[in-house]
1. Of all residues in the stretch 50-76, how many are crowded, with 18+ Cβ neighbours inside 10 Å and under 27 Å from ASP169 (Cβ atoms)?
2. Would you check if there is a residue in the stretch 13-31 being modelled with pLDDT of 95 or more, within 25 Å of GLY150 (Cα to Cα), under 21 Å from the mean Cα position of the chain (by Cα) and not small (Gly, Ala, Ser)?
3. Quick one: which of ALA221, ALA172 is aliphatic (A, V, I, L, M), assigned to a loop (DSSP other than H, G, I, E, B) and touching a helix residue (DSSP H, G or I) at 6+ places or on another chain (Cβ under 9 Å)?
4. Across the stretch 28-57, what is the total count of residues that are under 12 Å from VAL121 (Cα atoms), among the hydrophobic types (A, V, I, L, M, F, W, C) and in a helix (DSSP H, G or I)?
5. If I filter the stretch 39-49 down to residues being open to solvent by 50 Å² or more (accessible area, probe 1.4 Å) and in contact with a strand residue (DSSP E or B) (Cβ under 7 Å, 6 or more places away or on another chain), which single residue comes out as nearest to PRO20 (Cα to Cα)?
6. Among the residues of the stretch 144-179, count how many are open to solvent by 50 Å² or more (accessible area, probe 1.4 Å), touching a residue at least 12 places away in the same chain (Cβ under 8 Å) and under 21 Å from VAL124 (Cβ atoms).
7. Return the pairs, sorted by first residue and then second, in which the second residue is open to solvent by less than 40 Å² (accessible area, probe 1.4 Å), the first residue lies in the stretch 219-234 and is without any contact (Cβ under 8 Å) to a residue 24 or more places away in the chain, the beta carbons are less than 7 Å apart, and the residues are 6+ apart or on different chains.
8. Just need a number here: residues in the stretch 114-143 that are modelled with pLDDT of 85 or more, open to solvent by less than 50 Å² (accessible area, probe 1.4 Å), within 18 Å of ASP198 (Cβ to Cβ) and not charged (D, E, K, R).
Amino acid sequence: MSEHSGPRPAPRILVVDDDPTVAEVVTGYLERARFAVEHAGDGADALRRAGERWPDLVVLDLMLPGMDGLEVCRRLRATGPVPVIMLTARSDEEDRVTGLEVGADDYVTKPFSPRELVLRVRSVLRRHHTAAASSSPGPLRAGDLTVDPGTRRATRAGAPLALTLREFDLLAHFMEHPGTAHSREALMRTVWGWDFGDLSTVTVHVRRLRAKIEDDPGRPALIQTVWGVGYRFDAGAGQEAPA
């Protein structure tokens, strides 16, 4: 819990969109919601601004001139952790899944309600701050995996795991509740803090986690699919897992 007596500075949001009308609307709504907003019109400008002052969250258009939003997201992720909400003019699931797979924490499809976007921004930031501020009894361990919620570090066999914000939170939640079957709806409420949303978001993140922590992601030993329910984490690949 913060010991500062003064007001906390407004979260900094970097809006990356080459459409001036969309950028103006999004910026206006976010500023009215008391966020500090900066706008970049293309990917190179976004990376430059992020390098000068790291944002608390990025609202990133998928379709940008030159460097597209997917590449911008990849480069941001290579620099440091930051929540990303992807904007896409396409409703095709392939685009949504691709955005999530490069590290976006959420996506909103154009045309969208600016108020919904503000809610999504608040939700992502709330989860991020809650996870960063939460007290933890110590690192969580399962087999060769170690997750430390306090320092936001995860390793496998001693090697660092490159996890996005949501991947980290999802893995920590699984490791805190080994042997428990979780529905995708329950994971969305608990890990994402949403009471609504596209459940494929959970599916994509589980698939990404398996690719990073399983010896054979096609035959997962840790994150098991419980048919008709959702997923269950079997700790230690059999070391501590229930029979």
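1. 14
2. Yes, because at least one residue in the stretch 13-31 is modelled with pLDDT of 95 or more, within 25 Å of GLY150 (Cα to Cα), under 21 Å from the mean Cα position of the chain (by Cα) and not small (Gly, Ala, Ser).
3. Selected residue: ALA221, the only one of ALA221, ALA172 that is aliphatic (A, V, I, L, M), assigned to a loop (DSSP other than H, G, I, E, B) and touching a helix residue (DSSP H, G or I) at 6+ places or on another chain (Cβ under 9 Å).
4. 1
5. Among residues in the stretch 39-49 that are open to solvent by 50 Å² or more (accessible area, probe 1.4 Å) and in contact with a strand residue (DSSP E or B) (Cβ under 7 Å, 6 or more places away or on another chain), the one nearest to PRO20 (Cα to Cα) is HIS39.
6. Total satisfying the criteria: 3.
7. PRO220/ARG210; PRO220/GLU214; ALA221/GLU214; ALA221/ASP234; GLN224/TYR231; GLN224/ASP234; THR225/TYR231
8. Residues that pass the stated criteria total 2.
The values are calculated or read from the model by the stated rules, or taken from the named source; none is laboratory data. Quantities reported herein were computed from a predicted structural model and do not represent experimental measurements. Please note: Cβ atoms are built from the backbone with ideal geometry, for glycine as well, and neighbour counts cover all protein chains shown. Surface areas here come from the heavy atoms of the whole protein model, side chains and all, with no ligands, DNA or RNA. Shrake-Rupley method; radii C 1.70, N 1.55, O 1.52, S 1.80 Å.
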